[in-house]
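Please treat every number below as a calculation from the coordinates, not as lab data. Since this is a predicted model, take the numbers as computed values, not measurements. Note that we place each Cβ from the backbone using ideal geometry, even for glycine, and neighbour counts take in every protein chain shown.
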Amino acid sequence: MRYVSTRGGMAPATFSDILLGGLAPDGGLTLPEDYPTLAPGELANWRGLSYPELAFAILSKFVDDLPVDDLRGLINKTYTVEAFHTETITPVKALLDGVSLVELSNGPTLAFKDIALQLLGNLFEYALLKTGGHLNILGATSGDTGSSAEYAMRGKHGIRVFMLSPYRKMSQFQTAQMFSLQDANIFNIAVRGVFDDCQDIVKAVSNDAEFKARHAIGTVNSINWARVAAQIVYYFKGWLAVTERDDQEVSFAVPSGNFGNICAGYIAKCMGLPIRRLILATNENNVLDEFFRTGVYRVRKSGQVVQTSSPSMDISKASNFERFIYDAVGRDPEVVHELWRQVDTHGFFDLSGTDAFRGIHRFGFVSGSSNHPNRMAVIRRVYQECGVIIDPHTADGIKVGLEYREEGIPLLCLETALPAKFEESIVEALGRSPERPAGYEDIEALPQRFEVMDADVDKIKEYIRRENAPIV
């Protein structure tokens, strides 16, 4: 398996070559030269596999340069009952008629990001122990990636984490999860701005080849290919849970901000998983919904990004979207490079009227958006009819998923996080607080450790230089 850049300026590389990096050297994103496809009867053989067994069967198609026993050992070390509190790892729960919830929030930080980042932490440590190297992880979070990454990397040999988050724009629970960590290798930076400002800084630093090399900068954001690959597994696991025939189609409803989660579903479909529709749900920051409806991808300026009650989706620049567009334009890196030049210079690109956009339906995407009244209503409906409390992002996904539900086609809605992380919204919707898992009862009262900084690339670089003492 060889990996290339969406912008064509990187020689084909192995999985290990790209594991610790973020952006490709040319500023693009890495992805396989060709997606692996399922052999006849392979899906049938996967029925009954445990989550670690299924993860190995899928990920070994993308990771073929590690010893087989080492990869299997890392996967078995990651997906345990101790870490995820259930042998199933991602159980599927029936909700409304024909609609099920894929529970993705059983990990240590109660969010779907744990599924990939727990594995990424073990992969990173494995690679660094092999080489004797070290890594400074620079990441950006709109809410859940930060805590998931920090919990995955805390105490890891040779790893330091610098996590950027928008100051005072996450839930109190999300903020406390990150800022209360006292581990010496964790550095939280609250940026005056929005998530896109944080993400822009990560990309700017990653594009500074000299600084990146000197300070061994890597990333855990969804621009990291290994994160997307790990998320492919739960699409297969969800499909296996609700089907009996190997050709049976299902649809997935996915709350979407940075396009990483639904990108994994798209790749599962490319591999041969019988997915009928990939239902993309946005909140009021509906950049992706606008594209799939009109063909225009128009990012918003920082001041135009709306702060919502599903804050992890308050994003207007969807990093992983470039991977999909690469396929949509026939894998032509020159076209991709030009489109993102237009985004950088004019703030948008327009594919309406092109063959690329006219053929976009073949990929299975449909889209819709949700707003605050919508998500409050869905939270109430699911609780009243099913006795289940869902978080606001999951409510956005269910709202749009129901708009596209088809008779006879199972609809799987992907959970984003446990509702305890968004208590204020749950109280507003239901008049009661959600239950909190043991150990999280008073997390907001814990001492917090973080730096508040301007959205300034040079200042962030200087902070990294200052804190970049030798790692032992």
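Structural remarks
- 19 Å reach of a label modelled at Q384, 7 Å along Cα-to-Cβ, counting backbone N of the range 410-434: 425-434
- Annotation: amide H of L351 within the under-5 Å range of V296, Y297, sequence separation 5 or more or interchain, hydrogens built in the peptide plane.
- What the phi angles of the range 130-141 give under the Karplus curve with 6.51, -1.76 and 1.60, with θ = phi - 60°, is a coupling list of 5, 9, x, x, 9, 9, 9, 7, 10, x, 10, 9 Hz, glycine and proline written as x.
- Taking the convex hull of the alpha carbon positions in the chain and averaging its projected area over all directions gives 20.4 nm².
- Ordering R227, R245 by the number of other Cβ atoms within 10 Å of each residue's own Cβ, fewest first, gives R245, R227.
- Normalised by the number of residues in the range 263-420, the mean separation of alpha-carbon contacts (under 8 Å, six or more apart) gives a relative contact order of 28 percent.
- Taking other Cβ atoms within 10 Å as a rough exposure proxy, K421, K156 sort from fewest to most as K156, K421.
- Pairs beyond 28 Å (Cα-Cα), from K93/K113; K203/K399; K301/K459: K203/K399
- Packing-based order for 109-116, 409-416, 295-302, 447-454, using average beta carbon neighbours within 10 Å, highest first: 109-116, 409-416, 295-302, 447-454
- Shape call, the range 432-472: gyration tensor on alpha carbons, a/c limit 1.5: prolate
- 3J(HN,Hα) from dihedral phi, the range 153-161, Karplus parametrisation 6.51/-1.76/1.60, rounded to Hz, x for glycine, proline: 9, 4, x, 6, 5, x, 10, 10, 10
- Derived scalar couplings between HN and Hα for the range 237-246 equal 4, x, 4, 4, 6, 10, 10, 10, 9, 6 Hz in order, rounded to whole Hz, by the Karplus curve 6.51 cos²θ - 1.76 cosθ + 1.60 (θ = phi - 60°), x for Gly and Pro.
- Long-range amide H partners of S367 with built H, under 5 Å: L280
- Residue ranges 427-434, 180-187 sort as 180-187, 427-434 when ordered by packing (mean number of other C-beta atoms within 10 Å per residue, highest first).
- Geometric extent, Cα atoms of the range 235-302 - Rg, Dmax (angstrom): 13.9, 47
- Taking the charge dipole of the range 16-135 about its Cα centre, with +1 at Lys and Arg Cβ atoms and -1 at Asp and Glu Cβ atoms, the residue from L43, A83, G133 reaching farthest to the positive side is A83.
- Sorting I398, I460 by the number of Cβ atoms found within 10 Å of their own Cβ, with the fewest placed first, yields I460, I398.
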